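Engineer: Okay, handing you the structure first.
Since every read-out is calculated from the coordinates, none of them should be taken as a lab result. Just so it is clear, the model here is predicted, and its values are computed rather than measured. Backbone-built Cβ (ideal geometry, glycine too); neighbour counts: all protein chains shown.
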Amino acid sequence: MVRVPLTPDERERGARLGEILRGARGSRSMTDVAAAVGMPVETLRKIESGRVPTPAFFTVAALATELSLPLDELVAACRPASVARSA
């Protein structure tokens, strides 16, 4: 299977998602949050660093629930600048 390269907007969205998740995690450890949602800590590390810019929906939903982030606000905050300007 050949992966389609990510667009700059997709990379930007992934970086923004990581920033938001790191901020919401606050003083909680990555290990604590990853264990609470049932994922490897390395997966959370990759999402927070932007190395996984397009995580699965249910992964994002589980993290949002654990970190008390409303999904609609998370989606709005992760919109690429080019989409937000045209909306």
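Engineer: About the Cα centre of the chain, what is the dipole size in debye to 20, counting +1 per Lys and Arg Cβ and -1 per Asp and Glu Cβ, all else neutral?
Structural biologist: 240 debye
Engineer: Further, regarding this structure: Of [x] 18.1, 67; [y] 13.0, 39; [z] 17.7, 63, which is the value of Rg and Dmax of the Cα atoms in Å derived from the coordinates here?
Structural biologist: It is the value labelled [y].
Engineer: Using alpha-carbon pairs under 8 Å, 6+ residues apart, how would you state the relative contact order of the chain in percent?
Structural biologist: 41 percent
Engineer: What's the exposure ranking of I20, I47, going from fewest to most Cβ atoms within 10 Å?
Structural biologist: In increasing order of surrounding Cβ atoms, one gets I20, I47.
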